[in-house]
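Please read the structure below before turning to the comments.
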Amino acid sequence: MRFDVITLFPEMFSALTESGVSRRALQSELYQIKTWNPRQFTTDKHKTVDDRPYGGGPGMLMMYQPLKDTITAIKSEQAVKPHVVYLSPQGQPLTQEKAEQLAQLESVTLLCGRYEGVDERLLISEVDEEISIGDFVVSGGELPAMMLMDAAIRLLPGALGHNQSAEQDSFSDGLLDCPHYTRPEVVDGMAVPNLLMEGNHAKIDAWRQAQKLERTQQRRPDLLKK
Ligand code: 4F9
């Protein structure tokens, strides 16, 4: 899998490439990442990437031309047509199912907005899909893009050890996860549920499934309706 990331802050992506599962997956060549700074595709001496909105109002927008030229350069590097995603609160929600779909793709280009957003004409002509990570605003698309990438990367075959297989995750069955316990057996007066100590794995599986259902009913009844 190949990720091309369009960002004014390429250094932020070291969070993904320098730690954890996503670092190991990169070292194992399960994916490639290339960042592209639209500032390098500007033509004026001030390297301008933003401009004021027509109709007035606060803030600035990312201009069409540097982004268009960046995407053209990304496309010119590869035979396959990249799937272009724009991260924004106006997008469809990121779900585990969406992460699974994206993890099947060969080439994903992520457009990270800054300022108040991107000229609508760039979204119409170049973006295949707009995705939101939740109903809140952050300072740019970079953290949302890294969340999407991390969710997809950990699903790539070989990214997780079989000790932490993705089938056991919350949401892989549409339910929240059950409680987990490790040593010691009692901590600050709190004991581990007895049946987990008894070694009856049919009973343990049934208990975990019941806990998942109960917690989903209590905390996220909306998930059960789906
Ligand atoms: C993107 C928020 C995706 C939620 C991008 C400001 C964003 C966002 N999901 N907020 N820029």
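How large a share of the accessible area of the stretch 17-135, in percent, is made up of carbon and sulfur atoms when the probe is 1.4 Å and the other protein chains stay in place?
The nonpolar share, carbon plus sulfur, comes to 46 percent.
Rolling a 1.4 angstrom probe over the protein heavy atoms, how many square angstrom per residue are accessible across the chain?
Ligands and nucleic acids excluded, the figure is 61 Å² per residue.
Which percent of the accessible heavy-atom area of the stretch 171-225 goes to carbon and sulfur, probe 1.4 angstrom?
Here it works out to 51 percent.
Of all trypsin sites (Lys or Arg not before Pro) in the stretch 16-72, which ones are in loop regions per DSSP and have a Cβ with at most 15 other Cβ atoms within 10 Å?
Lys45, Lys47
When only alpha-carbon atoms are used, what values of Rg and Dmax, in angstrom, describe the stretch 124-202?
In Å, with Rg to one decimal and Dmax whole: 19.2, 61.
Can you list residues from other chains, or at least 5 along the same chain, whose modelled amide H is less than 5 Å from the amide H of Glu130?
Excluding prolines and chain starts, which carry no amide H, the hits are Tyr86, Gln92.
Would you compute, from DSSP H runs of 4+ residues alone, the mean residue ellipticity of the chain at 222 nm, taking -39500 (n - 2.57) per run and dividing by the full residue count, rounded to the nearest 500?
Using -39500 (n - 2.57) per qualifying helix, the result is -9500 deg cm²/dmol.
Could you tell me the center-to-center distance, by alpha carbons, between the stretch 9-49 and the stretch 98-163 in angstrom?
The distance from the Cα centre of the stretch 9-49 to that of the stretch 98-163 comes to 13 Å.
Show me 49-61, 76-88 ranked by packing, highest mean number of other Cβ atoms within 10 Å first.
Those peptides, ordered most packed to least, come out 76-88, 49-61.
Only helices at least 27 Å long along their own axis, judged from Cα atoms, and with Kyte-Doolittle mean hydropathy of 0.0 or greater: name those in the chain from DSSP H.
TM-like helix candidates: nothing returned.
The values are calculated or read from the model by the stated rules, or taken from the named source; none is laboratory data. Note that this is a predicted model, so its numbers are computed, not measured. Cβ sites come from the backbone with ideal geometry, for glycine too, and all protein chains shown count toward neighbours. All accessible areas refer to the heavy atoms of the entire protein, side chains included, with ligands and DNA or RNA removed. Shrake-Rupley method; radii C 1.70, N 1.55, O 1.52, S 1.80 Å.
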